[in-house]
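Presented below is the structure to which this report refers.
The values are calculated or read from the model by the stated rules, or taken from the named source; none is laboratory data. Just so you know, these numbers come straight off a predicted model, no measurement behind them. So basically every Cβ, Gly included, is an ideal-geometry build from the backbone, and we count neighbours across all protein chains shown. To get the accessible areas, we keep the full protein, side chains included, count just its heavy atoms, and leave off ligands, DNA and RNA. Shrake-Rupley method; radii C 1.70, N 1.55, O 1.52, S 1.80 Å.
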Amino acid sequence: MNEPIQVPMPGAALPILMKQGGKDKYTLSELGELIDPVYRVYGEQIRRCIFGLTGYAAQCAAVRHEEQIPKLRERIVMMGGFWSTEEDTSVDPYEISERNYGRPFDEAVAEARQTGAAPPMTEQAMRDVLTGLEVHMQEMDNSGDLDDLIAEYDLMAQQLRAEWKIEPPASQQTVLTMEGMSL
């Protein structure tokens, strides 16, 4: 298994990466070479977050706590679309997210409703969800003008932390540590 890797979180990434590159100015191509490996790590963290949120929604469905399931689904599909790596600009990234994340979400929730059971969430899955939400919020902040959405994701993270009894970090995360992946 690969050793854990660490990359700067979105809120701190660009200055750190540019400093590591050792130059004051970069071409777009050079900048892409610096940030692409880091964004692959972010993408994996978001995938883990979405998978965890889907599992959480299935747990809610299994015990008939239905009230937050529609909002969870909406946020998952939005998150998947936001982080889409589709290069074909004629393709709607949110349609791809609907197919890749919305449909599996619906299937997991339907099965949990039918059986009254869902797999338990591991502590690691909970942490993946919370870290993914933090990565997503920092990247939305970098994108600008998404304060309302950031607030919604932050509220979701706060509610999940309280439910899962996980303390928030003392300060904004600046480093993402990823297990089982290499740059």
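Residue check: Ile96 meets all listed conditions (1) open to solvent by 40 Å² or more (accessible area, probe 1.4 Å); (2) over 23 Å from Leu160 (Cβ atoms) but one, namely (1).
Quick check on Gln68: is it open to solvent by less than 70 Å² (accessible area, probe 1.4 Å) and touching a residue at least 40 places away in the same chain (Cβ under 8 Å)?
No; evaluated as a whole, the condition is false for this residue.
Does Val109 fit the bill of being touching a helix residue (DSSP H, G or I) at 6+ places or on another chain (Cβ under 6 Å) and modelled with pLDDT under 90?
Against the criterion (touching a helix residue (DSSP H, G or I) at 6+ places or on another chain (Cβ under 6 Å) and modelled with pLDDT under 90), Val109 does not qualify.
Sort through Arg40, Arg48, Arg73 and tell me the only one that's part of a helix (DSSP H, G or I), open to solvent by 40 Å² or more (accessible area, probe 1.4 Å) and touching an Asp or Glu at 6+ places or on another chain (Cβ under 7 Å). Write out each step before concluding.
On the way: Arg40 fails: touching an Asp or Glu at 6+ places or on another chain (Cβ under 7 Å); Arg73 fails: touching an Asp or Glu at 6+ places or on another chain (Cβ under 7 Å).
Unique residue meeting the criteria: Arg48.
Taking segment 146-183 as the region of interest, how many residues are at negative phi, modelled with pLDDT under 80 and not β-branched (Val, Ile, Thr)?
We begin by selecting, within segment 146-183, every residue at negative phi; these are 146-164, 166-179, 181-183.
Filter once more, so that each one left must be modelled with pLDDT under 80: 169-179, 181-183.
Now drop any that are not not β-branched (Val, Ile, Thr), which leaves 169-173, 176, 178-179, 181-183.
Number satisfying all stated conditions: 11.
Of all the criteria given as (1) over 16 Å from Gly132 (Cβ atoms); (2) part of a helix (DSSP H, G or I); (3) open to solvent by 60 Å² or more (accessible area, probe 1.4 Å), the one not satisfied by Gly32 is (3).
Residue count for segment 122-144 under the criterion of being among the charged types (D, E, K, R), under 20 Å from Ala57 (Cα atoms) and touching a residue at least 24 places away in the same chain (Cβ under 8 Å): the result is 3.
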